[in-house]
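Every read-out reported here was derived from the displayed coordinates using simple, explicitly stated rules and does not represent laboratory data. Here the structure is a predicted model, which is why all the values come from computation and not from measurement. Note: ideal-geometry Cβ built from the backbone for every residue, glycine included; neighbour counts use all protein chains shown.
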Amino acid sequence: MAAPGAPRLQPQHWHLWVQSTDDIFRFTTHERTFEACNDEQLVPKATPDGELVLSRLIIAQFWSDLTPAAFRPYVEPQNWPRCSPFWRAVRGLRPVVPTADGYDWDFAETVDIITETLTVPLHIGFRVLPDQSRVWTRFNLCRDFYDQTTEVDVDTGTISAEAVPGGPAPTRVLATKYLHWRDPSHPDLTALACDFGWCELMEEMAYGCAQGFTAGGTAADGAKTPIGAAIKQLVGAVTTECQQDISDNAPYLEKLIGRFTGSSWDAGWINDLLDMGLVTVRHYGNIVSDVRSFADSLRDAGD
C-alpha cells in the first residue's frame, strides 16, 4: 500500500523490477508481462435503475505463451468455483441460452471479497471466435433478479483471452471489473483490491484453470476421496510445497540478501522487498487450495 500522496506502482516500475531481479526469481512469461495493479480509477457507470455512479475500475492483464483456447475453462463462469477457492458458488437462475458463437446465461455468483461473502445475480454472454483466436465473457448485473437484497448496484466487466500479433507473447489475458456498493455508507473494499492481491488472484486463477487444476477440491470425474486418503493427500501436499519453497529458493535468497546488503543498497528499495513476499504468498495460496480440497472431502463424507 502506498503512503498518502505517494505515486502508485506503475507498469514500468514492475518491468524494471523484473529486469533487475530475473536472475533471482526466474519469472515466467505471464509474470514478466503482468501489468501493475491499478484500483484508483473511478468511472461513471449506470445502475440497473439508470443512475450514474462513480464505480471503481480494476484491471488485471498479462501475456501468455498458451493459446487463447487454453484459457477457455477460465473464461467460462461455471468453472470459476473450481478454479479459485474465493469463488464459493455459481448457481443458475435460468437455463443456458445457446447462441451461434457461445451462450447467454443468468446465474447467482457467490464470492469472498476480503472480509465479506457477496452474492450477486449476473447476466453473461460467453463468446468464441470461429478460429478460437479470442475467447471472452462479458458480465453485468441481471436486471430481472436485481432486488433490494443485492449489495452492489454496479458489477460489470469482461474476461478475455485473445491472440494479439506483435505482443510480448502470443496471447493477452485481460480481466476488467467495475464495482460500486449500493449502500453509500458501506466500506469501499474495492479500494483495497490491489493491496489484497486481486490481480495476482486472477493470474493464478487463469493458469490454474488452463492447466486443469481443481482448486475447489472436486475431482474431475466427481469421485469422492476417502477421509484417510484425504488426510495423506493434505499432509503430503503441504509438506511438499514447503520443502519445494525452501530448496528451490535458498540459493536465490542468499544472492538477494547479498545484493540488498552490498554497496548498491538504496533505502528506496524497501517497497521492492515487500513485493518479494509474493513468492511466498503464491506457495501459501497453493496450500490454501489443498486445505480447501481437504475440507470438501470432509463435507462429502458427512453427506
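Observations on the model:
- Amide H to amide H, with H built 1.01 Å from N, Ile59 comes under 5 Å of Asn38, counting only residues 5 or more places away or on other chains.
- Model label points for Ala169 and Thr117, set 7 angstrom from Cα along the Cα-to-Cβ axis, are 3.4 nm apart.
- Label zone at Asp101, where the point sits 7 Å out along the Cα-to-Cβ direction: the stretch 50-87 residues whose backbone N lies under 15 Å: 69
- Separation in nanometres of the label points that stand 7 Å from Cα toward Cβ, at His186 and Asp49: 1.3 nm
- Highest to lowest packing among 100-110, 75-85, scored as the average C-beta count within 10 Å: 75-85, 100-110
- For Cys142, residues with placed amide H under 5 Å, excluding near neighbours: Leu122, His123
- Taking amide H positions as modeled 1.01 Å from N, with prolines and chain starts lacking one, the residues under 5 Å from Leu93 and 5 or more places away or on another chain are Asp106, Phe107, Ala108.
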